[in-house]
Amino acid sequence: MHKLVRSISTLFVALGIAICLSAVVVLADPTSSGSPAAQPSPAASVDPKVTSLAREWLHRFQTGDIDRSQLTDDLNAKLTPDLVSQVKTQLGPLGEPTDVSFVQQRAVQNSTVYQFAVSFSATKIREFISLNAAGKIDGIFFAPAP
């Protein structure tokens with residue numbers, strides 16, 4: 001799983017979104033001038049379409065079937081076949097998720113980042129999927145669950 005975090009973390013950082021993994025996952029705007037990060041919205045609910053999108057893209061990475069029409073041009077350019085293959089190697093063996101639960105959302109620059117807790121029979125991960133104002137995916141990140 002460490003290779004997965006390193007690969008996807010590199011992708012997310014390349015998109016200009018800082019990711020810090022510690023006891024708490026923090027998404028912050030790197031252009032801010034030291035002001036506090038925006039508070040996440042509570043884990044009440046999210047549009048079911050966003051949850052479906054998170055499930056869809058987890059499956060897409062597990063199978064390597066990437067629909068590039070759903071991605072921003074920037075993410076599309078950075079999501080190389082080699083990176084897709086690396087992520088597929090890590091996520092594919094996990095099988096079908098037993099649960100995908102919304103955790104929180106946060107505005108970052110001109111996008112909204114959604115966090116999901118994903119459970120499999122043998123492990124748990126976090127999925128972060130970022131959508132720009134036009135509804136295109138401009139970032140996606142998978143990490144071990146805390």
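Structure data summary
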| read-out | value |
| --- | --- |
| Qualifying residues in region 87-146 (those that are part of a strand (DSSP E or B) and aromatic (F, W, Y)) - the one farthest from T72 (Cα to Cα) | F102 |
| Residue check, V84 part of a strand (DSSP E or B), β-branched (V, I, T), surrounded by fewer than 19 Cβ atoms within 10 Å (Cβ to Cβ) and out of contact with any His (no Cβ under 6 Å at 6 or more places or on another chain) | no |
| Positions within region 52-81 being farther than 14 Å from I137 by Cβ and assigned to a loop (DSSP other than H, G, I, E, B), in sequence order | G64, D65, T80 |
| Tabulated pairs, region 111-136, first modelled with pLDDT under 95, second in a strand (DSSP E or B), C-beta under 9 angstrom, 6+ apart or interchain | none |
| Identity of the residue in region 137-146, over 8 Å from the mean Cα position of the chain (by Cα) and either on the phi > 0 side of the Ramachandran plot or in contact (Cβ under 8 Å) with a residue 40 or more places away in the chain (or both), that ends up surrounded by the fewest Cβ atoms within 10 Å (Cβ to Cβ) | P146 |
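The values are calculated or read from the model by the stated rules, or taken from the named source; none is laboratory data. Nothing here was measured: the structure is a model prediction, and the numbers come from that model. So basically every Cβ, Gly included, is an ideal-geometry build from the backbone, and we count neighbours across all protein chains shown.
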